[in-house]
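As structure tokens, the structure follows; a few thoughts come after it.
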Amino acid sequence: MIRVLVVEDSRFMRGVINTILSRDPEIEVVGSAADGLEAVEAVCALRPDVVTMDVEMPRADGLSAVERIMSERPTPIVMISAYTRRDSSAAIRALELSFTVDLGLEALRDEIVGKVRMASRVRPVRTAHRAPAPPPPTVAASSNEPPSEDRRHWEWTPCVIMAASTGGPAALLALVPQLGADFPAAVLIVQHMPAPYTAAFAGELAGRCAMRVKEAVHGEWIERGVVYVCPGSHHLTLAPGGRIVLHAPPTRDSECPSADLAMMSMARRVGARSIGVILTGMGRDGAAGARAIRRAGGLVIAQDEATSVVFGMPRAAAEAGAVNAVLPLDSIPSTLADYVADVVRAAKRGRRAV
């Protein structure tokens, strides 16, 4: 049985969620809480397998409760709230602290039960520490202005692509700010995330990074020192010379955005200057793309199992023989910095030799 704690300030909605979950023979609702403080106490007392959590509640809101739970007793959490639809920054903060956000109650039974079942299979890790809240996000402006530097730099610019799914927002928010303002590579991020939230996620990253961060725009040229977040509504590939091309998925069932498509395109356009990073996530997306990068002479790093919320994507890439190194999350930034510096030096020496 999957033991679930329901946290919702509305008595009516608690009843609705309880009814939905109780209809599944493998789910047991073991308790409920009406606000964030009650939620923290109930998690410690009942030790549920999964918590469903509202965002906007009295005394302590859902995000505050999630921070405490993930710091004191990590537990898979499904955010269920209309508020997350209206306020993308709240949803991004929830995604950083927990594992999935339900975008409303329209889908009801299938959506909620499916997310609870998925969350029950996640191995929780401590993704929050009780510390002051980060500064408010600053959304980077997205424009089609030409690059600020000569396009001839493209021939020695390394390109890093980071692929993630479940647990990815927290991993990326920990990893990318460590790269520093002078990181001499372009960074592309493919995070499995609904379309309305990737712009807010780019804003959250921008508020924490010294590098420039923006949501990718069709037709713009990638530059070193800039982080591009793939929109959740499109696949991303690269045209010759490093121009971003965004494609709408052919069907609603397509995994979008696709890490495989982006990585295979990067391998084709960037070759040995390609660097792939496969982070926490369910499924196999990124494994085929990692193989393409390796065949092109690039480097592929996978996050290790101990620091992954879900080791599915890193494991798939490793089992495919496409990974150079499996590293804990906190070792990836320094490894990237050292490798990128070597790539830049080697490329510049090659230019001078020619």
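The values are calculated or read from the model by the stated rules, or taken from the named source; none is laboratory data. Not measured: the values here are computed from a predicted model. All Cβ positions, glycine included, derive from the backbone under ideal geometry; neighbour counts span all protein chains shown. What goes into the accessible areas is simple: the full protein's heavy atoms, side chains included, and nothing from ligands, DNA or RNA. Shrake-Rupley method; radii C 1.70, N 1.55, O 1.52, S 1.80 Å.
Kindly establish whether P328 is more than 22 Å from M118 (Cα to Cα) and open to solvent by less than 50 Å² (accessible area, probe 1.4 Å). Considered against the rule, which asks whether it is more than 22 Å from M118 (Cα to Cα) and open to solvent by less than 50 Å² (accessible area, probe 1.4 Å), P328 comes out as yes.
Only residues that are over 19 Å from G241 (Cβ atoms) and in a loop (DSSP other than H, G, I, E, B): list them for segment 273-305, please. Matches in segment 273-305: L279, T280, G281, M282, G283, R284, D285, G286, G297, D304, E305. Considering every residue within segment 198-214, establish whether at least one is crowded, with 21+ Cβ neighbours inside 10 Å, part of a strand (DSSP E or B), touching a helix residue (DSSP H, G or I) at 6+ places or on another chain (Cβ under 9 Å) and at negative phi. Yes, segment 198-214 contains a residue that is crowded, with 21+ Cβ neighbours inside 10 Å, part of a strand (DSSP E or B), touching a helix residue (DSSP H, G or I) at 6+ places or on another chain (Cβ under 9 Å) and at negative phi. Among the candidates A216, A248, A239, the residue that is small (G, A, S) and in contact with a Leu (Cβ under 8 Å, 6 or more places away or on another chain) is uniquely A216.
Is there a residue being under 21 Å from the mean Cα position of the chain (by Cα), within 19 Å of P333 (Cα to Cα) and of a type in the set (D, E, K, R) anywhere in segment 205-223? Checking segment 205-223: at least one residue is under 21 Å from the mean Cα position of the chain (by Cα), within 19 Å of P333 (Cα to Cα) and of a type in the set (D, E, K, R). Of the residues making up segment 280-320, those that are farther than 14 Å from D260 by Cα and acidic (D, E) are D304, E305, E319.
Just to be sure, is A287 open to solvent by less than 30 Å² (accessible area, probe 1.4 Å), under 17 Å from the mean Cα position of the chain (by Cα) and under 29 Å from P76 (Cβ atoms)? Yes: the conditions hold for A287.
Assessment of segment 326-336 against the conditions (over 20 Å from M211 (Cβ atoms) and of a type in the set (A, V, I, L, M)) yields at least one matching residue. Restricting segment 13-60 to residues that are under 11 Å from I2 (Cα atoms) and assigned to a helix (DSSP H, G or I) leaves a set whose member that is most open to solvent (accessible area, probe 1.4 Å) is S22. Considering each residue of segment 18-41 in turn, none proves to be of a type in the set (D, E) and touching a Gly at 6+ places or on another chain (Cβ under 7 Å). So which residues in segment 221-239 are open to solvent by 10 Å² or more (accessible area, probe 1.4 Å), in a loop (DSSP other than H, G, I, E, B) and under 25 Å from A337 (Cβ atoms), if there are any at all? E223, R224, G225 - these are the residues of segment 221-239 that are open to solvent by 10 Å² or more (accessible area, probe 1.4 Å), in a loop (DSSP other than H, G, I, E, B) and under 25 Å from A337 (Cβ atoms).
The residue list A45, A39, A34 contains one member that is modelled with pLDDT of 85 or more, of a type in the set (G, A, S) and within 29 Å of the chain's Cα centre (by Cα), which is A39. Considering (1) farther than 16 Å from L179 by Cβ; (2) surrounded by 21 or more Cβ atoms within 10 Å (Cβ to Cβ), the lone condition that L336 does not fulfil carries the number (1). For the list (1) of a type outside the set (D, E); (2) modelled with pLDDT under 80; (3) closer than 20 Å to N18 by Cα; (4) within 21 Å of the chain's Cα centre (by Cα), I need the number of the one condition that R109 fails. Every condition holds for R109 apart from (4). Please verify whether V6 is outside any helix (DSSP H, G or I), open to solvent by 10 Å² or more (accessible area, probe 1.4 Å) and either more than 24 Å from Y197 (Cα to Cα) or at pLDDT 75 or above (or both), treating the condition exactly as stated. So V6 does not fit the description; no.
Of the residues making up segment 240-283, those that are among the hydroxyl-bearing types (S, T, Y) and open to solvent by 20 Å² or more (accessible area, probe 1.4 Å) are T251, S254. For V270, the criteria (1) part of a loop (DSSP other than H, G, I, E, B); (2) in contact with a Cys (Cβ under 6 Å, 6 or more places away or on another chain) hold in every case but one, which is (1).
What about I275, is it modelled with pLDDT of 95 or more and in contact with a Leu (Cβ under 6 Å, 6 or more places away or on another chain)?
Yes, satisfied.
Matching residues to (1) polar (S, T, N, Q); (2) within 17 Å of M13 (Cβ to Cβ):
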| site | (1), (2) |
| --- | --- |
| D35 | no, yes |
| A42 | no, yes |
| A45 | no, no |
| P48 | no, no |
| V51 | no, yes |
| D54 | no, yes |
| G62 | no, yes |
| R68 | no, no |
| T75 | yes, no |
